[in-house]
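What follows is a single structure, written as structure tokens, with notes after it.
Bear in mind these aren't lab numbers, they're just calculated from the coordinates by the rules spelled out. This structure is a prediction, so every number in the text was calculated from the model and none was measured. A quick note on method: Cβ atoms are made from the backbone with ideal geometry, for glycine too, and the neighbour counts reach across all protein chains shown.
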Amino acid sequence: MARRPGTPRLLRELNDKAALELLIDEGPLTRAQIGARTGLSKVTASQLLARLEQRGLVEMVGERAGGRGPNAAVYGVVPASAYVAGLEMGPQEVIAGVADITGTVGARITVAFSESDDPVEVIRKAVAGACRAAKAARLRTLVIGTPGLVDPRTGDVRFAFDLSSWHEGAAARLSRDLDTRVVIENDVNLVAVAEHAHGAARDAGDFALLWIDRGIGLAIMIDGRLHRGVSGGAGELGYLPVPGVPLPGTVTESRAHGAPTLAGGFGALAGADALGDLASSHGYAGLPLEEAVRRASADPAAPGASPFLDALAARLALGAAAVTTVLDPGLIVLSGSLGTAGGPALAERVERSVARLCPTRPRLIPGALTTDPVLQGALHTALTLTREEVFSSTTD
């Protein structure tokens, strides 16, 4: 790989990027504070701020009284210097959000759709509505979170059980229609990104995220980077062969969600229908599955609660043990509506069950993000890509 020489221009770019990232992380600062935190001289810091001001990336946002002499000017990143969008694609609705370059979310909207609708049109409508609500100018990046396999070579959705209307070339068409960069990513991968950025896995370089919700999913983070696999199929845990159920491959319709689901493999053992039957057998019949798990976890001493949690943990441990045996991640985050509803009570039981199956014992904790985690991961990814582009091209 070619290396760029340490030219004055490259050094200016590095200094500018460091200063902009500092202003994003710590908020408005004076010239002296920027210089002290980056190690730049007063002259260099002044030149840097003048350069960034001229390009519309920073602006004076106030003054700060000091000792003798005039007040010091305080500088901040111009929020409107770039906008990004994130979008969560579900089987019946999409959730779109728009944020400025500081990460402040200006709008979040939900748009319902049917299976017969063109996903490109639905996404375009949702993004346009969010941009209008946020009074956002041209988007730099749109990141879409969707169920299914996303081919890392083409950026297209190759397969999704309950979103069959995805078609080849959707990412390219959206990019043309919206005149912006479009990235499509698996939704569970984006939840892992969000948990790694500002959730339960902030201090973990290696971890796995086990998604227990309408479906079963897994995301893998190695050295702080997503592992997608050659074809984007890493983490399709529902296909894992497990004892006691048929082999994966056959598709049926979920009684709980009325959507296609696997009739075999781990997905059949830990999917919504099987777990609903498990809850009913322990005295939680008639309750939504998420509510049953929440009640049992909140009061394990209640009749049937502890046996239900133990049985649920034993099933989830089969998937977690497979991940541990192959990857030894050290940390597994239980996420999705059921994973977070179970809280520490369920996570601790899964951890004990995994320890009985594996030579190593990973730590299991519930996810910290319960509100739109896919959308949070999409916006974080879009901001990371956009800041890298904008902050690395500040000089002529």
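Worth a mention:
- Remark on Ala259: its backbone amide H falls under 5 Å from those of Ser254, a criterion applied only to residues 5 or more positions apart or on other chains, H modelled at 1.01 Å from N.
- Amide H contacts of Ile101 (H built 1.01 Å from N, in plane; Pro and chain starts excluded): Ser81, Ala82 sit under 5 Å, all sequence-distant by 5 or more or on other chains.
- Straightening the chain between Ala65 and Arg138 buys 22.6 nm, computed as 0.36 nm per residue apart minus the Cα-Cα spacing.
- Low-density loop positions, GluC sites (Glu not before Pro), the range 23-121 - DSSP coil, at most 14 other Cβ in 10 Å: Glu115
- Whole-number percent relative contact order across the range 178-224, with pairs defined as alpha carbons under 8 Å at least 6 apart: 34
- Note that the range 298-305 has calculated 3J(HN,Hα) couplings of 6, 9, x, 7, 5, x, x, 5 Hz, one per residue in order, obtained from phi through the Karplus relation 6.51 cos²θ - 1.76 cosθ + 1.60 (θ = phi - 60°); glycine and proline are x.
- Farthest towards the positive end of the charge dipole of the range 8-77, among the residues Pro8, Leu48, Leu22, is the Cα of Pro8, using unit charges on the Cβ of Lys, Arg, Asp and Glu.
- Taking the Kirkwood radius as Rh and the Cα radius of gyration as Rg, the range 1-159 has a ratio of Rg/Rh equal to 1.12.
- Under the simplified labelling scheme, the Gln47-Leu287 pair shows an inter-label distance of 6.7 nm, with each label point 7 Å from Cα along Cα→Cβ.
- Per-residue ³J(HN,Hα) for the range 95-108, Karplus 6.51 cos²θ - 1.76 cosθ + 1.60, θ = phi - 60°, Hz, x for Gly and Pro: 10, 10, x, 10, 10, 7, 5, 7, x, 6, 7, x, 7, 9
- The relative contact order of the chain, computed from alpha carbon pairs under 8 Å that lie at least 6 residues apart in sequence, is 16 percent.
- Amide H partners (placed H, <5 Å) of Arg158, local residues excluded: Leu149, Val150, Asp151
- FRET efficiency estimate (nearest 0.05) - Cβ-Cβ, Arg255 to Arg361, R0 30 angstrom: 0.30
- Lysines with Cα under 19 Å of Lys17, excluding same-chain neighbours fewer than 8 positions away: Lys42
- Extension gain for the segment Val326 to Arg352, taken as residue separation times 0.36 nm less the Cα-Cα distance, is 7.5 nm to one decimal.
- Rg ratio (alpha-carbon, reference 2.2 N^0.38 Å) - the chain: 1.12
- Computed label-point distance, nm, for sites Arg124 and Leu247 using a 7 Å Cα→Cβ extension: 4.5
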